Amino acid sequence: MPLLVQERQGKLQVKQSPYESMLQECLRGELRLVNTGLPQSQKRLMDLLSEEHPHVVCNDGSTHFFKKNELEYLASVLDTDEQRTLLLPMLIELGANQAEAAIICEAQVEEKVISEALNMPVKCEEGRIRIYKPQLALLRKKLKTTTVYVFSPKIVA
Amino acid sequence: MPQLIKVRPTKIELVKLKRRLFLARRVQKIVKDRLSILTMEFLQTARDAVEAQIKLLDGSSRLYKAVSIAGGYHGYIAMERELIASEADLKVAVGSRNIAGVRIPSFELTGNPEKFEMMRYSLVDTSSWLDHAALLSKECLRAIVELAELQRDFELLAMEINRTKRITNALEYVIIPGLQATINYLSMKFEERDREEKARLKRVKVLIALE
(Lines give C-alpha, C1' and ligand atoms only; values in the text may rest on other atoms or scores of the structure.)
Protein backbone atom coordinates (compact mmCIF):
# COMPACT_ATOMS: atom_id res chain seq x y z
CA MET A 1 0.00 0.00 0.00
CA PRO A 2 1.43 3.39 -0.86
CA LEU A 3 1.87 5.54 2.20
CA LEU A 4 3.49 8.60 0.79
CA VAL A 5 3.34 9.63 -2.81
CA GLN A 6 5.73 12.28 -4.01
CA GLU A 7 6.02 13.71 -7.46
CA ARG A 8 9.63 13.89 -8.51
CA GLN A 9 10.72 14.77 -12.05
CA GLY A 10 7.26 13.97 -13.38
CA LYS A 11 7.39 10.44 -11.95
CA LEU A 12 5.42 9.13 -9.03
CA GLN A 13 7.65 7.93 -6.21
CA VAL A 14 5.97 5.61 -3.72
CA LYS A 15 7.48 5.24 -0.27
CA GLN A 16 6.65 2.26 1.87
CA SER A 17 7.52 1.24 5.37
CA PRO A 18 9.85 -1.81 5.63
CA TYR A 19 7.08 -3.77 7.36
CA GLU A 20 4.61 -3.19 4.53
CA SER A 21 7.25 -3.93 1.91
CA MET A 22 7.98 -7.22 3.65
CA LEU A 23 4.30 -8.16 3.78
CA GLN A 24 3.76 -7.18 0.18
CA GLU A 25 6.83 -9.12 -0.88
CA CYS A 26 5.45 -12.11 1.01
CA LEU A 27 2.11 -11.74 -0.84
CA ARG A 28 3.84 -11.38 -4.19
CA GLY A 29 6.15 -14.28 -3.40
CA GLU A 30 3.25 -16.54 -2.50
CA LEU A 31 1.32 -15.62 -5.66
CA ARG A 32 4.46 -16.10 -7.74
CA LEU A 33 5.18 -19.43 -6.07
CA VAL A 34 1.71 -20.90 -6.47
CA ASN A 35 1.45 -19.88 -10.10
CA THR A 36 4.93 -20.90 -11.23
CA GLY A 37 3.55 -24.23 -12.38
CA LEU A 38 1.26 -22.63 -14.93
CA PRO A 39 2.07 -23.54 -18.51
CA GLN A 40 3.16 -20.86 -20.96
CA SER A 41 0.80 -22.42 -23.46
CA GLN A 42 -1.44 -25.46 -23.51
CA LYS A 43 -0.99 -28.28 -26.00
CA ARG A 44 -3.57 -30.38 -27.80
CA LEU A 45 -4.02 -33.96 -26.68
CA MET A 46 -3.43 -35.18 -30.24
CA ASP A 47 -0.01 -33.48 -30.35
CA LEU A 48 0.96 -34.77 -26.93
CA LEU A 49 0.10 -38.33 -27.87
CA SER A 50 2.60 -38.18 -30.72
CA GLU A 51 5.44 -36.83 -28.54
CA GLU A 52 8.02 -39.20 -27.08
CA HIS A 53 8.20 -37.29 -23.79
CA PRO A 54 4.96 -35.28 -23.63
CA HIS A 55 5.50 -32.03 -21.74
CA VAL A 56 4.73 -28.31 -21.66
CA VAL A 57 7.01 -25.45 -20.65
CA CYS A 58 5.95 -23.55 -17.51
CA ASN A 59 6.15 -19.83 -16.75
CA ASP A 60 9.38 -20.22 -14.79
CA GLY A 61 11.05 -22.06 -17.67
CA SER A 62 10.73 -25.51 -16.12
CA THR A 63 8.91 -28.37 -17.80
CA HIS A 64 5.74 -30.09 -16.75
CA PHE A 65 5.67 -33.73 -17.84
CA PHE A 66 2.52 -35.69 -18.57
CA LYS A 67 2.10 -39.35 -17.72
CA LYS A 68 1.52 -41.42 -20.81
CA ASN A 69 -1.09 -43.60 -19.15
CA GLU A 70 -3.16 -40.49 -18.33
CA LEU A 71 -2.95 -39.33 -21.93
CA GLU A 72 -3.97 -42.78 -23.09
CA TYR A 73 -6.92 -42.73 -20.70
CA LEU A 74 -8.04 -39.37 -22.11
CA ALA A 75 -7.58 -40.67 -25.65
CA SER A 76 -9.74 -43.68 -24.83
CA VAL A 77 -12.53 -41.41 -23.59
CA LEU A 78 -12.47 -39.03 -26.57
CA ASP A 79 -12.81 -39.47 -30.31
CA THR A 80 -10.27 -38.10 -32.83
CA ASP A 81 -11.97 -34.70 -33.30
CA GLU A 82 -12.24 -34.20 -29.56
CA GLN A 83 -8.59 -35.16 -29.12
CA ARG A 84 -7.73 -32.28 -31.44
CA THR A 85 -9.83 -29.88 -29.35
CA LEU A 86 -8.78 -30.80 -25.81
CA LEU A 87 -6.08 -28.51 -24.46
CA LEU A 88 -3.78 -29.81 -21.75
CA PRO A 89 -3.07 -29.31 -18.93
CA MET A 90 -6.58 -28.44 -17.80
CA LEU A 91 -6.64 -25.51 -15.39
CA ILE A 92 -8.34 -25.83 -12.01
CA GLU A 93 -9.09 -22.39 -10.60
CA LEU A 94 -9.30 -21.95 -6.86
CA GLY A 95 -11.58 -19.09 -6.04
CA ALA A 96 -12.84 -17.13 -3.07
CA ASN A 97 -15.13 -19.96 -2.01
CA GLN A 98 -12.91 -22.51 -0.28
CA ALA A 99 -15.42 -25.34 -0.67
CA GLU A 100 -15.43 -25.13 -4.47
CA ALA A 101 -13.03 -25.26 -7.38
CA ALA A 102 -13.68 -24.40 -11.01
CA ILE A 103 -12.25 -26.04 -14.09
CA ILE A 104 -11.64 -23.51 -16.83
CA CYS A 105 -13.08 -24.84 -20.09
CA GLU A 106 -13.52 -23.37 -23.52
CA ALA A 107 -15.12 -26.30 -25.27
CA GLN A 108 -17.61 -29.05 -24.43
CA VAL A 109 -14.83 -31.61 -24.53
CA GLU A 110 -13.65 -30.76 -21.00
CA GLU A 111 -17.19 -31.32 -19.79
CA LYS A 112 -17.09 -34.82 -21.26
CA VAL A 113 -13.69 -35.61 -19.75
CA ILE A 114 -14.65 -34.39 -16.28
CA SER A 115 -17.98 -36.21 -16.28
CA GLU A 116 -16.19 -39.42 -17.35
CA ALA A 117 -13.51 -39.01 -14.69
CA LEU A 118 -15.99 -38.24 -11.93
CA ASN A 119 -18.60 -40.64 -13.25
CA MET A 120 -21.33 -38.02 -12.88
CA PRO A 121 -22.83 -35.34 -15.12
CA VAL A 122 -21.26 -31.88 -14.89
CA LYS A 123 -22.27 -28.66 -16.56
CA CYS A 124 -20.12 -25.88 -17.98
CA GLU A 125 -21.42 -22.44 -17.00
CA GLU A 126 -19.72 -19.20 -18.09
CA GLY A 127 -16.60 -21.07 -19.13
CA ARG A 128 -16.27 -22.86 -15.77
CA ILE A 129 -17.17 -26.31 -14.50
CA ARG A 130 -17.78 -26.01 -10.78
CA ILE A 131 -16.95 -28.98 -8.58
CA TYR A 132 -16.65 -29.51 -4.83
CA LYS A 133 -13.49 -30.40 -2.90
CA PRO A 134 -14.18 -34.17 -2.55
CA GLN A 135 -14.77 -34.33 -6.32
CA LEU A 136 -11.57 -32.36 -6.84
CA ALA A 137 -9.62 -34.98 -4.88
CA LEU A 138 -11.14 -37.71 -7.04
CA LEU A 139 -10.33 -35.81 -10.22
CA ARG A 140 -6.75 -35.20 -9.14
CA LYS A 141 -6.35 -38.87 -8.34
CA LYS A 142 -7.28 -39.79 -11.91
CA LEU A 143 -5.71 -36.85 -13.74
CA LYS A 144 -2.60 -36.02 -11.72
CA THR A 145 -0.41 -34.55 -14.41
CA THR A 146 -3.06 -33.39 -16.89
CA THR A 147 -4.52 -30.85 -14.44
CA VAL A 148 -2.82 -27.92 -12.72
CA TYR A 149 -3.98 -25.48 -10.05
CA VAL A 150 -4.43 -21.78 -10.73
CA PHE A 151 -4.65 -19.43 -7.77
CA SER A 152 -6.76 -16.65 -9.11
CA PRO A 153 -5.93 -13.06 -8.04
CA LYS A 154 -9.65 -12.69 -7.32
CA ILE A 155 -9.19 -14.62 -4.10
CA VAL A 156 -7.08 -11.86 -2.64
CA ALA A 157 -9.53 -9.09 -3.49
CA MET B 1 -2.32 -11.66 25.08
CA PRO B 2 -1.05 -10.26 21.78
CA GLN B 3 1.94 -8.01 21.95
CA LEU B 4 1.41 -4.35 21.11
CA ILE B 5 3.49 -2.86 18.33
CA LYS B 6 5.55 0.11 19.42
CA VAL B 7 4.25 3.06 17.41
CA ARG B 8 3.70 6.74 18.01
CA PRO B 9 0.05 7.33 19.02
CA THR B 10 -0.92 9.41 16.00
CA LYS B 11 -3.76 9.17 13.50
CA ILE B 12 -1.29 8.59 10.66
CA GLU B 13 0.08 5.54 12.48
CA LEU B 14 -3.47 4.26 12.96
CA VAL B 15 -4.14 4.51 9.21
CA LYS B 16 -0.83 2.75 8.50
CA LEU B 17 -1.70 -0.04 10.91
CA LYS B 18 -5.13 -0.53 9.31
CA ARG B 19 -3.46 -0.88 5.92
CA ARG B 20 -0.98 -3.38 7.31
CA LEU B 21 -3.84 -5.41 8.76
CA PHE B 22 -5.65 -5.46 5.41
CA LEU B 23 -2.49 -6.65 3.69
CA ALA B 24 -1.78 -9.28 6.33
CA ARG B 25 -5.29 -10.70 5.89
CA ARG B 26 -4.82 -10.96 2.14
CA VAL B 27 -1.57 -12.86 2.59
CA GLN B 28 -3.26 -15.13 5.13
CA LYS B 29 -6.06 -15.95 2.65
CA ILE B 30 -3.62 -17.08 -0.04
CA VAL B 31 -1.48 -19.06 2.36
CA LYS B 32 -4.52 -20.82 3.85
CA ASP B 33 -5.88 -21.78 0.43
CA ARG B 34 -2.49 -23.14 -0.53
CA LEU B 35 -2.23 -25.07 2.71
CA SER B 36 -5.61 -26.72 2.19
CA ILE B 37 -4.64 -27.80 -1.34
CA LEU B 38 -1.26 -29.10 -0.19
CA THR B 39 -2.89 -31.06 2.62
CA MET B 40 -5.39 -32.60 0.21
CA GLU B 41 -2.59 -33.62 -2.15
CA PHE B 42 -0.50 -34.94 0.75
CA LEU B 43 -3.32 -37.18 1.98
CA GLN B 44 -3.94 -38.45 -1.55
CA THR B 45 -0.23 -39.15 -2.02
CA ALA B 46 -0.13 -40.99 1.30
CA ARG B 47 -3.05 -43.21 0.24
CA ASP B 48 -1.45 -43.87 -3.15
CA ALA B 49 1.91 -44.65 -1.51
CA VAL B 50 0.30 -47.20 0.78
CA GLU B 51 -1.48 -48.80 -2.19
CA ALA B 52 1.77 -48.89 -4.19
CA GLN B 53 3.63 -50.41 -1.26
CA ILE B 54 1.04 -53.16 -0.86
CA LYS B 55 1.15 -53.77 -4.60
CA LEU B 56 4.94 -54.04 -4.54
CA LEU B 57 5.02 -56.39 -1.54
CA ASP B 58 2.34 -58.58 -3.05
CA GLY B 59 4.08 -58.57 -6.44
CA SER B 60 7.47 -59.36 -4.90
CA SER B 61 6.10 -62.30 -2.97
CA ARG B 62 4.39 -63.70 -6.10
CA LEU B 63 7.59 -63.11 -8.11
CA TYR B 64 9.71 -64.94 -5.54
CA LYS B 65 7.37 -67.91 -5.70
CA ALA B 66 7.33 -67.86 -9.52
CA VAL B 67 11.15 -67.69 -9.73
CA SER B 68 11.46 -70.54 -7.20
CA ILE B 69 9.09 -72.72 -9.22
CA ALA B 70 10.86 -71.86 -12.51
CA GLY B 71 14.26 -72.53 -10.86
CA GLY B 72 13.02 -75.85 -9.56
CA TYR B 73 11.68 -76.81 -12.96
CA HIS B 74 14.68 -75.82 -15.08
CA GLY B 75 17.46 -75.90 -12.53
CA TYR B 76 19.08 -72.64 -11.41
CA ILE B 77 22.18 -72.94 -13.59
CA ALA B 78 20.19 -73.58 -16.77
CA MET B 79 17.78 -70.78 -15.91
CA GLU B 80 20.61 -68.34 -15.27
CA ARG B 81 22.18 -69.24 -18.61
CA GLU B 82 18.89 -68.51 -20.37
CA LEU B 83 18.33 -65.27 -18.49
CA ILE B 84 21.75 -63.80 -19.34
CA ALA B 85 20.41 -63.18 -22.83
CA SER B 86 17.41 -61.28 -21.52
CA GLU B 87 19.44 -58.67 -19.65
CA ALA B 88 18.27 -55.23 -20.74
CA ASP B 89 18.96 -51.69 -19.58
CA LEU B 90 15.99 -50.13 -17.90
CA LYS B 91 15.04 -46.67 -19.05
CA VAL B 92 13.28 -44.35 -16.66
CA ALA B 93 12.06 -41.03 -17.99
CA VAL B 94 12.61 -38.39 -15.31
CA GLY B 95 10.67 -35.16 -15.42
CA SER B 96 8.99 -32.84 -13.00
CA ARG B 97 5.57 -31.42 -12.32
CA ASN B 98 4.19 -28.69 -10.13
CA ILE B 99 1.58 -28.96 -7.40
CA ALA B 100 0.56 -25.56 -6.02
CA GLY B 101 4.10 -24.23 -6.21
CA VAL B 102 5.89 -27.42 -5.15
CA ARG B 103 8.12 -28.87 -7.84
CA ILE B 104 8.05 -32.63 -7.56
CA PRO B 105 9.81 -35.27 -9.65
CA SER B 106 8.00 -37.55 -12.02
CA PHE B 107 9.39 -40.98 -12.93
CA GLU B 108 8.07 -43.18 -15.68
CA LEU B 109 9.38 -46.52 -16.87
CA THR B 110 9.69 -46.14 -20.61
CA GLY B 111 9.12 -48.84 -23.18
CA ASN B 112 6.04 -50.37 -24.63
CA PRO B 113 4.32 -52.67 -22.14
CA GLU B 114 3.04 -54.74 -25.03
CA LYS B 115 6.60 -55.61 -26.03
CA PHE B 116 8.21 -58.25 -23.89
CA GLU B 117 11.70 -56.76 -23.64
CA MET B 118 12.55 -58.96 -20.69
CA MET B 119 11.67 -62.14 -22.59
CA ARG B 120 14.65 -62.37 -24.90
CA TYR B 121 15.46 -65.92 -23.84
CA SER B 122 14.61 -68.89 -25.98
CA LEU B 123 10.89 -69.50 -25.73
CA VAL B 124 11.39 -73.00 -27.08
CA ASP B 125 13.83 -74.18 -24.41
CA THR B 126 12.01 -72.62 -21.46
CA SER B 127 8.70 -73.23 -19.81
CA SER B 128 5.72 -70.97 -19.17
CA TRP B 129 6.83 -70.73 -15.51
CA LEU B 130 9.70 -68.53 -16.62
CA ASP B 131 7.40 -66.40 -18.78
CA HIS B 132 5.16 -65.92 -15.77
CA ALA B 133 8.15 -64.86 -13.62
CA ALA B 134 9.29 -62.42 -16.32
CA LEU B 135 5.85 -60.81 -16.47
CA LEU B 136 5.73 -60.51 -12.69
CA SER B 137 9.20 -58.98 -12.57
CA LYS B 138 8.06 -56.30 -15.03
CA GLU B 139 5.08 -55.51 -12.84
CA CYS B 140 7.39 -55.27 -9.81
CA LEU B 141 9.72 -52.86 -11.62
CA ARG B 142 6.79 -50.61 -12.48
CA ALA B 143 5.63 -50.71 -8.87
CA ILE B 144 9.14 -49.78 -7.63
CA VAL B 145 9.32 -46.76 -9.93
CA GLU B 146 5.81 -45.69 -8.93
CA LEU B 147 6.62 -46.05 -5.24
CA ALA B 148 9.87 -44.08 -5.62
CA GLU B 149 7.94 -41.19 -7.14
CA LEU B 150 5.23 -41.27 -4.49
CA GLN B 151 7.72 -41.42 -1.61
CA ARG B 152 9.53 -38.36 -2.92
CA ASP B 153 6.21 -36.51 -3.46
CA PHE B 154 5.28 -37.40 0.08
CA GLU B 155 8.50 -35.94 1.54
CA LEU B 156 8.43 -32.75 -0.53
CA LEU B 157 4.77 -32.08 0.18
CA ALA B 158 5.31 -32.65 3.91
CA MET B 159 8.20 -30.17 3.96
CA GLU B 160 6.16 -27.56 2.10
CA ILE B 161 3.16 -28.07 4.40
CA ASN B 162 5.43 -27.46 7.41
CA ARG B 163 6.78 -24.26 5.89
CA THR B 164 3.33 -23.00 4.93
CA LYS B 165 1.92 -23.88 8.35
CA ARG B 166 4.62 -21.81 10.04
CA ILE B 167 3.67 -18.80 7.89
CA THR B 168 -0.06 -19.33 8.57
CA ASN B 169 0.52 -19.63 12.32
CA ALA B 170 2.75 -16.55 12.38
CA LEU B 171 0.05 -14.56 10.61
CA GLU B 172 -2.83 -15.99 12.61
CA TYR B 173 -1.34 -15.90 16.09
CA VAL B 174 1.29 -13.16 16.03
CA ILE B 175 1.04 -10.61 13.24
CA ILE B 176 -2.74 -10.15 12.88
CA PRO B 177 -3.59 -10.20 16.64
CA GLY B 178 -0.71 -7.78 17.30
CA LEU B 179 -1.98 -5.39 14.66
CA GLN B 180 -5.58 -5.68 15.87
CA ALA B 181 -4.56 -5.09 19.49
CA THR B 182 -2.50 -2.04 18.54
CA ILE B 183 -5.34 -0.65 16.41
CA ASN B 184 -7.79 -1.15 19.31
CA TYR B 185 -5.36 0.46 21.74
CA LEU B 186 -4.84 3.48 19.52
CA SER B 187 -8.57 3.82 18.78
CA MET B 188 -9.38 3.77 22.50
CA LYS B 189 -6.63 6.26 23.19
CA PHE B 190 -8.01 8.66 20.58
CA GLU B 191 -11.57 8.25 21.88
CA GLU B 192 -10.32 8.96 25.40
CA ARG B 193 -8.48 12.02 24.11
CA ASP B 194 -11.68 13.21 22.40
CA ARG B 195 -13.69 12.74 25.58
CA GLU B 196 -11.09 14.63 27.61
CA GLU B 197 -11.18 17.41 25.05
CA LYS B 198 -14.98 17.60 25.22
CA ALA B 199 -14.97 17.65 29.02
CA ARG B 200 -12.32 20.38 29.00
CA LEU B 201 -14.34 22.49 26.57
CA LYS B 202 -17.50 22.07 28.67
CA ARG B 203 -15.60 23.14 31.80
CA VAL B 204 -14.21 26.17 29.98
CA LYS B 205 -17.73 27.02 28.77
CA VAL B 206 -19.07 26.84 32.35
CA LEU B 207 -16.23 29.02 33.64
CA ILE B 208 -16.89 31.62 30.94
CA ALA B 209 -20.62 31.55 31.72
CA LEU B 210 -19.88 32.12 35.46
CA GLU B 211 -17.71 35.16 34.75
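The values are calculated or read from the model by the stated rules, or taken from the named source; none is laboratory data. Only a predicted model underlies this, so the values are computations on that prediction, with no experimental measurement involved. When we count neighbours, we look across all protein chains shown, and the Cβ atoms used for this are built from the backbone with ideal geometry, even at glycine. The accessibility values were calculated without ligands, DNA or RNA, using every heavy atom of the protein model including side chains. Shrake-Rupley method; radii C 1.70, N 1.55, O 1.52, S 1.80 Å.
Worth pointing out:
- For residue B:140, neighbours were defined as the other residues whose beta-carbon sits under 10 Å from its Cβ, and their charges (Lys and Arg +1, Asp and Glu -1) total +2.
- Kirkwood hydrodynamic radius of the protein assembly as shown, from the reciprocal of the average inverse Cα-Cα distance over all distinct pairs: 25.4 Å.
- Estimated [θ] at 222 nm from DSSP helical runs (n ≥ 4, -39500 (n - 2.57)) normalised by residues in chain B, nearest 500: -26000 deg cm²/dmol
- Quarter of the Cα convex hull surface for the range A:43-157, i.e. its orientation-mean projected area (nm²): 7.4 nm²
- Counting Cβ atoms of other protein chains within 10 Å of each Cβ in B:29-37 and taking the mean gives 6.
- Distant-in-sequence amide H partners of residue A:44 (H built 1.01 Å from N, under 5 Å): A:88
- Convex hull of Cα atoms in the range B:25-94, direction-averaged projection (nm²): 7.3 nm²
- Shape category assigned to the range A:59-126 from the gyration tensor of Cα positions, a/c cut at 1.5: oblate
- For residue B:65, the lysines whose Cα falls under 23 Å of its own Cα, not counting residues fewer than eight places away in the same chain, are B:55, B:138.
- Taking the protein heavy atoms of the protein assembly as shown in the context of the full set of protein chains, the accessible area attributed to carbon and sulfur is 57 percent at 1.4 Å.
- Unit Cα scatterers, Debye sum, chain B: log10 I(q)/I(0) for q = 0.09, 0.15, 0.18 Å⁻¹: -0.63, -1.01, -1.18
- Near the amide H of residue A:58, within less than 5 Å, lie the amide hydrogens of A:40, A:63, A:64, all on another chain or at least 5 residues away, with H placed in the peptide plane.
- Of all the options B:97, B:20, B:200, the one that moves most in a Gaussian network model of chain B with Cα springs shorter than 10 angstrom is B:200.
- If the Kirkwood radius is taken over C-alpha pairs of the range B:20-62, then at 20 °C and 1.002 mPa s the Stokes-Einstein diffusion coefficient equals 167 µm²/s.
- The residues of chain B have, on average, 62 Å² of accessible surface per residue, using a 1.4 Å probe with all protein chains present.
- Those lysines that a straight Cα-Cα span of less than 16 Å connects to residue A:123, excepting residues fewer than 8 apart in one chain: A:112
- For the residue pairs B:18/B:198; B:18/B:205; A:68/B:29; B:16/B:198, alpha carbon separations beyond 28 Å are given by B:18/B:205; A:68/B:29.
- Where A meets B: accessible area buried, both sides, 1.4 Å probe, Å²: 3600 Å²
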